[in-house]
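The structure appears right after this line, and notes come after that.
The values are calculated or read from the model by the stated rules, or taken from the named source; none is laboratory data. Since we're looking at a predicted model, the values are computed, not measured. For neighbour counting, all protein chains shown are included, and Cβ atoms are generated from backbone atoms with ideal geometry for every residue, glycine included.
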Amino acid sequence: MAVETGTKKSWTMVQALNEALRRSLDENPKTLVMGEDVGRLGGVFRVTDGLHKDFGEERVIDTPLAESGIVGTAIGLALRGYRPVVEIQFDGFVYPAFDQIVTQLAKMHARALGHIKLPVTIRIPFAGGIGAVEHHSESHEAYFAHTAGLKVVAPSNPADAHWMLRQAIASDDPVIFLEPKRRYWDKGQLDPNGAPELELHRARVARTGTDLTLIAYGPMVKVCLEAAEAAAEDGLKLEVVDLRSLSPVDFDTLEQSVRRTGRAVVVHEAPVFLGMGAELAARITERCFYSLEAPVLRVGGYFAPYPPSRVEDAFLPDLDRVLDAVDRAMAF
Amino acid sequence: MTVDSTAGAPTTAPAANDGPADAGPPELVQLLTPEGERVEHPDYSLETTPEELRSIYRDLVLVRRFDAEATSLQRQGELGLWASLLGQEAAQVGSGRAMRPTDYAFPTYREHGVAWCKGVDPLNLLGMFRGVNHGGWDPDEKNFHLYTIVIGSQTLHATGYAMGITKDGADDAVIAYFGDGASSQGDVSEAFTFASVYQAPVVFFCQNNQWAISEPTEKQTRVPLYQRASGFGFPGVRVDGNDVLACLAVTRWALDHARTGQGPVLIEAFTYRMGAHTTSDDPTRYRIAEELESWKLKDPIERLKAHLVREGWADSAFLESVEAESEQLARRVREGVRTMPDPDPSSIFEHVYAEGHALVDEEREGYLAYASSFASAAAELTDGEDD
Ligand SMILES: Cc1ncc(C[n+]2csc(CCOP(=O)(O)OP(=O)(O)O)c2C)c(N)n1
Ligand SMILES: [Mg+2]
């Protein structure tokens with residue numbers, strides 16, 4: 001399985017997430033894993049592989065096929081003192097639970113004037129790039145981030161996936177945990193006996209640079225790092241900020257970066273219109289107005305349903321589209 | 001073929017089917033045993049001619065052959081995914097043939113056999129599995145709605161469509177297909193409620209293939225699924241889903257019940273998913289081989305074949321001709337898929353709205369300009385090479 005290099009080993013994101021669930025189940029008997037096919041099968045992506053065997057079906061629960069039911073009962077379990085970690089099988093199947101998430105889960109703590117806590121983590125494999133059929137490639141982060149009462153995070157690599165999931169499960173607030181499914185099989189170094197480098201809601205400067213800040217999260221961080229690498233060959237030094245947390249957003253890290261570089265391009269798979277980029281661009285403009293050499297540009301999906309897989313490459317931001325935006329920003 | 005839809009057909013589900021869950025195993029409506037013996041059922045009769053039986057047999061064989069071809073096309077990389085109907089041919093062909101052309105079907109993603117009976121070109125079904133479209137046929141052409149992946153949703157659409165039929169004063173009916181797993185969705189319960197309250201002419205056809213990916217039916221229900229109907233106030237029937245004649249007879253009765261203003265019916269077709277959930281699935285992780293073996297003995301095609309042969313209604317020439325026809329179909333499908341063109345990327349912006357939308361137009365233009373910048377760059381490059 002994992003390959004040893006010093007104290008750290010190489011893990012795929014799936015393995016890193018699995019280990020995070022395992023440790024969370026181990027550390028707290030109130031932690032539950034629930035969802036469709038998470039038991040014997042180990043989830044369609046095998047993120048829960050082996051947990052059913054090791055923790056039993058009282059704690060790793062194959063639920064009936066009803067997302068509203070899954071989230072609704074997770075809320076009830078949380079009210080009874082449990083810490084449910086819910087798996088939604090694919091992004092497009094969270095919508096039947098949308099009501100429970102947005103009108104119930106997000107608001108209950110406030111309605112009870114803080115007397116009750118809702119430590120529910122909702123894991124969702126999200127975004128595209130795996131050649132799937134309809135409803136398996138959605139980027140719906142903005143809906144959740146737009147909802148006060150929810151925290152929303154999206155790791156980009158195995159180590160972050162691991163630590164952020166453990167932090168999310170430990171959080172007393174509901175967390176929407178978005179897993180970039182096309183990075184599930186990417187490898188990275190991780191020592192699960194160590195400690196997280198960052199708090200859950202802090203951004204990370206994934207690559208330093210001086211000419212422009214690329215801002216991304218989840219699946220697009222890798223694309224941005226590759227774009228920065230390519231730009232370096234042309235003498236451009238791009239900084240890449242991995243946002244990690246979409247609500248709350250670590251605007252301080254963003255501000256520090258953009259004040260230095262004077263330019264920013266936000267990249268996500270979700271449609272540009274009213275996507276995360278809109279909020280980020282507005283905030284950066286407010287905070288860094290006098291440092292900006294160009295408007296904050298956005299690269300993202302189009303205002304259209306996620307397309308059939310044979311044309312998804314045209315929909316998804318890639319190296320060329322990121323560099324095209326970089327060129328436009330630099331030309332201002 | 002004729003079905004005696006008045007004399008033998010009950011207006012409510014037979015008592016045997018309405019018993020409590022602990023009254024032993026529920027009765028399964030069956031007209032053709034796994035050994036291919038024709039049996040009578042007191043409530044559901046069916047008269048058929050040898051010609052009709054041969055035609056049903058042909059449907060079953062062609063549908064299975066098409067399905068097998070799609071599976072191998074997926075293996076060859078021509079399709080991104082395939083959801084096989086293997087084992088469920090009788091449930092689909094039986095119910096599919098029970099519909100009139102004006103009756104409307106609302107399928108899941110696995111109703112290839114129903115599509116066949118409705119006259120949808122099998123090649124049309126493959127577009128979404130190849131990844132060139134999300135459906136791609138005109139649902140109204142054959143009264144076969146688009147495949148629906150989000151489980152359960154279509155049961156509400158079917159119910160609403162059926163409510164419209166009533167408002168129109170028409171005598172068409174609708175079949176809503178769904179699975180044992182989908183039966184847990186709130187949408188399905190809501191569809192039952194609406195259909196019952198409005199006495200909508202809809203037949204809920206649940207293919208209980210025993211599995212929802214890795215979850216056995218016991219994860220969804222403690223009572224036989226057909227019994228759910230009684231709580232909503234309409235009849236439920238469990239039919240042998242591997243018996244094409246029983247599926248045909250029961251669905252005909254249910255459609256008649258619905259179209260004559262007597263309200264919805266729930267049919268639970270008791271069958272088995274012989275293959276993986278989809279080509280992405282590995283069922284050896286969660287189910288035992290013996291289960292599969294025992295269901296092999298109930299194969300829907302073998303039993304009809306045995307019946308036809310025993311009665312002397314199918315000779316080897318007939319069987320061979322069906323075989324040959326199925327190979328021809330497979331060839332057509334294979335060639336059709338391999339030459340199925342990829343859509344133009346700019347098609348992303350097509351049909352987003354019926355009336356158009358300024359932002360879509362703007363982004364289409366932006367995309368085309370961006371794409372053509374590559375074309376001109378490439379052209380410059382080739383010009384350069386020519387020098
Ligand atoms: C709302 C929703 N949740 C989850 C899924 C993922 N999913 C696809 S098929 C399936 C199992 C469905 O089982 P069943 O209804 O029995 O139909 P079958 O596949 O056996 O024909 C699941 C969980 C989905 N498509 N839609
Ligand atoms: Mg099923």
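What do you reckon, is residue A:71 under 23 Å from residue B:183 (Cβ atoms), within 16 Å of ligand 1 (Cβ to nearest atom) and not in a helix (DSSP H, G or I)?
no
Out of the residues in the stretch B:283-306 that are within 12 Å of chain A (Cβ to nearest Cβ) and of a type in the set (Val, Ile, Thr), state the one that is farthest from residue B:37 (Cα to Cα).
Within the stretch B:283-306, the subset within 12 Å of chain A (Cβ to nearest Cβ) is B:283-288.
Next, from what is left, pick out any that are of a type in the set (Val, Ile, Thr): B:284, B:288.
Values: B:284: 33, B:288: 29 Å.
Once the filter is applied, the top-ranked residue is B:284.
I'm trying to understand the selection: among the residues of the stretch B:215-229, which are more than 11 Å from ligand 2 (Cβ to nearest atom) and not charged (D, E, K, R)?
Selection gives B:221, B:223, B:224, B:226, B:227, B:229.
Got a number for residues in the stretch B:270-282 being away from ligand 1 (no atom under 11 Å from the Cβ) and either more than 14 Å from chain A (Cβ to nearest Cβ) or at pLDDT below 95 (or both)?
2
Only residues in the stretch B:308-321 that are surrounded by 12 or more Cβ atoms within 10 Å (Cβ to Cβ) count as the first member; pair them with residues that are hydrophobic (A, V, I, L, M, F, W, C) and assigned to a loop (DSSP other than H, G, I, E, B), Cβ under 8 angstrom, at least 6 apart or cross-chain, and list the lot.
B:308/B:314
Would you check which residues across the stretch A:197-245 are surrounded by fewer than 18 Cβ atoms within 10 Å (Cβ to Cβ) and at positive phi and list them?
Once the filter is applied, which keeps residues that are surrounded by fewer than 18 Cβ atoms within 10 Å (Cβ to Cβ) and at positive phi, the stretch A:197-245 yields only A:235.
Which of the residues that make up the stretch B:229-255 are in contact (Cβ under 8 Å) with a residue 12 or more places away in the chain, out of contact with any helix residue (DSSP H, G or I) (no Cβ under 7 Å at 6 or more places or on another chain) and either surrounded by fewer than 21 Cβ atoms within 10 Å (Cβ to Cβ) or within 14 Å of chain A (Cβ to nearest Cβ) (or both)?
B:230
It is to be established whether one or more residues within the stretch B:371-380 are exposed (fewer than 11 other Cβ atoms within 10 Å of the Cβ), away from every other protein chain (no Cβ under 14 Å) and more than 30 Å from residue A:322 (Cα to Cα).
There is no residue in the stretch B:371-380 that is exposed (fewer than 11 other Cβ atoms within 10 Å of the Cβ), away from every other protein chain (no Cβ under 14 Å) and more than 30 Å from residue A:322 (Cα to Cα).
Quick one: would you say residue B:250 is more than 16 Å from ligand 1 (Cβ to nearest atom), in contact with a Gly (Cβ under 6 Å, 6 or more places away or on another chain) and modelled with pLDDT of 95 or more?
The answer is no for residue B:250.
Against the condition within 16 Å of ligand 2 (Cβ to nearest atom) and crowded, with 24+ Cβ neighbours inside 10 Å, how does residue B:278 come out, does it pass?
no
From the list A:122, A:130, which one is part of a loop (DSSP other than H, G, I, E, B) and among the hydrophobic types (A, V, I, L, M, F, W, C)?
None of the others qualify; the one that does is A:130.
Could you check how many residues of the stretch B:151-192 are more than 15 Å from ligand 2 (Cβ to nearest atom), at the interface with chain A (Cβ under 10 Å from one of its Cβ atoms) and buried (at least 19 other Cβ atoms within 10 Å of the Cβ)?
Counting residues in the stretch B:151-192 that are more than 15 Å from ligand 2 (Cβ to nearest atom), at the interface with chain A (Cβ under 10 Å from one of its Cβ atoms) and buried (at least 19 other Cβ atoms within 10 Å of the Cβ) gives 2.
Of the conditions (1) among the acidic types (Asp, Glu); (2) surrounded by fewer than 19 Cβ atoms within 10 Å (Cβ to Cβ); (3) in contact with a Ser or Thr (Cβ under 8 Å, 6 or more places away or on another chain), residue A:172 clears all except one; give me its number.
In the conditions (1) among the acidic types (Asp, Glu); (2) surrounded by fewer than 19 Cβ atoms within 10 Å (Cβ to Cβ); (3) in contact with a Ser or Thr (Cβ under 8 Å, 6 or more places away or on another chain), residue A:172 misses (3) alone.
Would the stretch A:23-37 turn up any residue that is assigned to a loop (DSSP other than H, G, I, E, B) and within 16 Å of residue B:215 (Cα to Cα)?
yes
Taking the stretch A:267-305 on its own, how many of its residues are among the aromatic types (Phe, Trp, Tyr) and touching a Leu at 6+ places or on another chain (Cβ under 7 Å)?
2
Mind checking which pairs have a first residue in the stretch B:194-210 that is assigned by TED's automatic domain parsing to the domain that holds residue B:265 and a second that is among the acidic types (Asp, Glu) and within 13 Å of ligand 2 (Cβ to nearest atom), Cβ under 6 Å, 6 or more apart or different chains?
As it stands, the answer is B:206/B:268; B:208/B:180; B:208/B:268, since those pairs meet every condition given.
Looking at (1) closer than 20 Å to residue A:147 by Cα; (2) more than 13 Å from chain B (Cβ to nearest Cβ), can you tell me which one residue A:71 breaks?
It fails just one condition, (2).
From the list B:177, B:161, pick out the single residue that is assigned to a helix (DSSP H, G or I) and either within 30 Å of residue A:71 (Cβ to Cβ) or not assigned by TED's automatic domain parsing to the domain that holds residue B:26 (or both).
B:161
Going by the structure shown, is residue B:109 over 23 Å from residue B:211 (Cα atoms) and among the aromatic types (Phe, Trp, Tyr)? Explain how you work it out, then say what you get.
On the way: over 23 Å from residue B:211 (Cα atoms): no; among the aromatic types (Phe, Trp, Tyr): yes.
No, not satisfied.
Any idea which of B:236, B:263 is touching a Leu at 6+ places or on another chain (Cβ under 6 Å) and more than 15 Å from ligand 2 (Cβ to nearest atom)?
None of the others qualify; the one that does is B:236.
For the stretch A:287-300, state whether one or more residues are more than 12 Å from every other protein chain (Cβ to nearest Cβ), touching a Pro at 6+ places or on another chain (Cβ under 9 Å) and not in a helix (DSSP H, G or I).
no
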